[in-house]
Each structure stands twice: as structure tokens, then as C-alpha cells.
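Accompanying notes for the structure given below.
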Amino acid sequence: MSTAGENLDVDALVAEIGQIAGAAVEAAGSATTQADLDAVRTSVYGRKSRLSELRRAMGTAPPEAKPVLGRAISAANSRVDAALAARAADLAGAAEAAQLERERIDVTLPGRRAPLGRRHPVTKVIQDFEDLFVGMGYRVVEGPEAETDWHNFEALNIPKGHPARSMWDTLYLSGTAGVGTTETDVLLRTHTSPVQIRVMQAEPPPLYIIAPGRTFRRDTLDRTHSPIFHQVEGLAVDRDLTFGDLAGTLEWFCHELFGPGFDIRLHPDYFPFTEPSAGIEVWWGDRWLEIAGCGMVDPNVFVAVGIDPEEWQGFAFGFGVERIAMLRYGIDDIRLFYENDQRFLEQFT
Ligand code: DAH
């Protein structure tokens, strides 16, 4: 059909334009993908489409036909555009709904719980020490487990041949074990007391520290003995410290640790590095149980680390951690702490 010339059938063209638009609106309405919509758009607006051909032909149409055709074409454009836009919005909405459905979360389902570990009873007791003493202004420090004879014994007023050395069944190491010393004088520390020496050598007083850690003795493993066990050492060095400060500090601490109902008492004892020395006992049901040693720092210890005993006083104490954990949790066999039996460990929540 010709679109140019004198006897243009304007009514027929307007009708055809309307049909094109109607067909496109229908095709858009049944599009199910964005690609379908693009195909509809091309079929209407593409360079080779019938509508584009008509638009180009308008240029040669008689003047009175032009506005009629122009209005028909622009009306067709509007209808088609509106149909395309409406269908595009429908498709986007459907896609979003589908995605929401796919990603739907049932918030009423119970969560997946990661199995939580528990702190070992020995760790719990050590952390209680740390919390309570940090609360009093103490710092937590650590020292090496492979120690020199000098730190473990000599500086603590236990010279070679001193009978007190036999209080500790020492495990000696060959080699320097990383503490930078000569062969014969390295051992596994028998107590945490050498940490006192290291701290006093490294820093000037006043000092308030506790030192938790592992200690070693040549003991045979049985219900109450283990060759590896834990202690918490404490040291306070200041001006005018007295035995009353020591007693008051430990009394407060023991009441916090065990609860206010527990009585404690001190009895005279002997340690080479304290003078006077005492043992700390708690009343446990029907008897007194020893849980720590303590005393005023011996002047010889101060001299060994270069602190003037005329100017400074100090007190020190050493607790056995397993002993306290056994009392607190009613455990009667120390070996349970080291067997890693889940049935035992799971009881400490
Ligand atoms: N080191 C001692 C031991 O293992 C315990 C001890 C006693 C530590 C008295 C101290 C103290 O600091 O003053 O048996």
C-alpha cells in the first residue's frame, strides 16, 4: 500500500495505526520476560517497522492529512509506551516477589546452636584470682616454666646445701631451655616464687603483682599429687607494709573466693624467703585445710634483687590452685583435672 500521493486514504491509515498500537499493547500484556518486551518495542519502533515507515511518509503527505496522522501516531506511541511500562513494572514486581519467596526466613525455627566450650576448673580458679586481685590494684604477670637455679632457689634465700631444698623435689633440665643460662643450673620451676625475683629485678617498688602458672615436682601421680600442678604467687612491696596488711588482704580474698561463711586462720610456718612465715588454712566442714603459704619478704631476698630492706617492706603468698578447685567443686582426685574426660569437664558451667 502506498503512503504517498494525492489520494491518500487518511482514515484507513489512522485505523491501521490504531491496529498496530492495539496489537503491540496486547503483545506487551502477555510478555513474560524483559526480552519479550524488547521484542515488542522493536516491532513498533524499529527502523523497519510499519509505524516508522508511516512516520517517514508523513513528510510527503498533503498538509491537511499531516496533523491527523501525527495525532494518530503520537496516540499510538503513548498507548504502546504505557503498556510496555506497565508490563515491565509487573515483571519486576513478580521477580522481587519470587526472590523474597526464595529467601524467605522462618524466624520461628529454633537457631542452630554452636556447641560452647567451658572453662577448665583450674582456669576458672585462676581467673577468679586475677579478677579479685586486679580489683585490689594488682597486676598479673608471668614467668618462665624452665627456670634457673638462682631464681628458683638462691635468690629466694635457699643456697645450695640448704636443707629447705629438700622441700621441693626438683626436676633438673640439661641444656639451656631458652632462658640463656649455662647447662647445669636449669630446672622446671618448683614453685611460682621465682616470678617475684624476676619482677623485683625488672621494676622498682612499689609493686603489687600476682603470678599464676604451672609448677613441677618429681612427684608420682596419685589421688593428691601431680608432677605438674598450678600455683598463684602474690607479692606486694611498698613502704610501711605490715603483717596486718598481709592478713587483711588474704582474709578479704578468701571470703570473696569461698563465700563469707568460711573462716580462715594463719598458723606459724617456715619458708626460707619469708620472715615471719605463715600457713593459711580454711575451715572446711570439720577440719582446717591448708591452702597457701605466706609471709613477710625476707630481707635477704630484697638484698638479692637490690632493693633496700630498710626502705621497703613486702609480703608474699603462694596458693595451690588444684587444692582450691578440689575444695570448691568437691573433687577428690587430682588426676581428673588432667584426663580431659568430657563427662568430668562438662559439669563446670
Ligand atoms: N613457694 C611456696 C611453695 O611452693 C609457697 C609460698 C610460701 C609462696 C610462702 C610464697 C610465700 O610467696 O611467701 O610451697
- Item | Largest-first ordering by accessible area, 1.4 Å probe, given options Arg71, Arg139 | Arg71, Arg139
- Mark the label point 7 Å from the Cα of Val10 along Cα→Cβ and return the residues of the stretch 40-66 whose backbone N is within less than 13 Å of it. 61-66
- Please report the relative contact order for the chain, taking Cα pairs under 8 Å with a sequence separation of at least 6, and give it as a percent rounded to a whole number. 14
- Message: I'd like the projected area of the chain, averaged over all directions, using the convex hull of its alpha carbons. Report it in nm² with one decimal.
- Response: 36.0
- Packing-wise, with mean Cβ within 10 Å as the measure, how do 110-123, 186-199, 83-96 rank, highest first? 186-199, 83-96, 110-123
- Message: Ignoring ligands, DNA and RNA, please state the percent of accessible area on the stretch 20-152 from carbon and sulfur, probe 1.4 Å.
- Response: 56
- Query: For the peptides 264-271, 204-211, what is the packing order when you average, over each peptide's residues, the other Cβ atoms within 10 Å and list the highest mean first?
  - Reply: 204-211, 264-271
- Message: Quick query: amide H of Ala278 versus all other amide H atoms, modeled in the peptide plane; which residues come in under 5 Å with a sequence gap of 5 or more or a different chain?
- Response: Asp269, Cys294, Gly295
- Query: From the backbone phi of the stretch 338-349, what are the Karplus-calculated ³J(HN,Hα) couplings (6.51 cos²θ - 1.76 cosθ + 1.60, θ = phi - 60°) in whole Hz, Gly and Pro given as x?
  - Reply: 10, 8, 6, 7, 3, 5, 6, 5, 5, 7, 9, 8
- Diffing the stretch 150-163: the Karplus 3J(HN,Hα) column from phi (6.51, -1.76, 1.60, θ = phi - 60°), in whole Hz with x for Gly and Pro, holds 5, 5, 6, 10, 3, 5, 8, 6, 10, x, 4, x, 5, x
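The values are calculated or read from the model by the stated rules, or taken from the named source; none is laboratory data. This one's a predicted model, so the numbers in the text were calculated from it and none came from an experiment. Cβ coordinates were reconstructed from backbone atoms using ideal geometry, including for glycine residues, and neighbour counts include every protein chain displayed. Side chains are part of the model used for accessible areas, which takes the heavy atoms of the whole protein and leaves out ligands, DNA and RNA. Shrake-Rupley method; radii C 1.70, N 1.55, O 1.52, S 1.80 Å.
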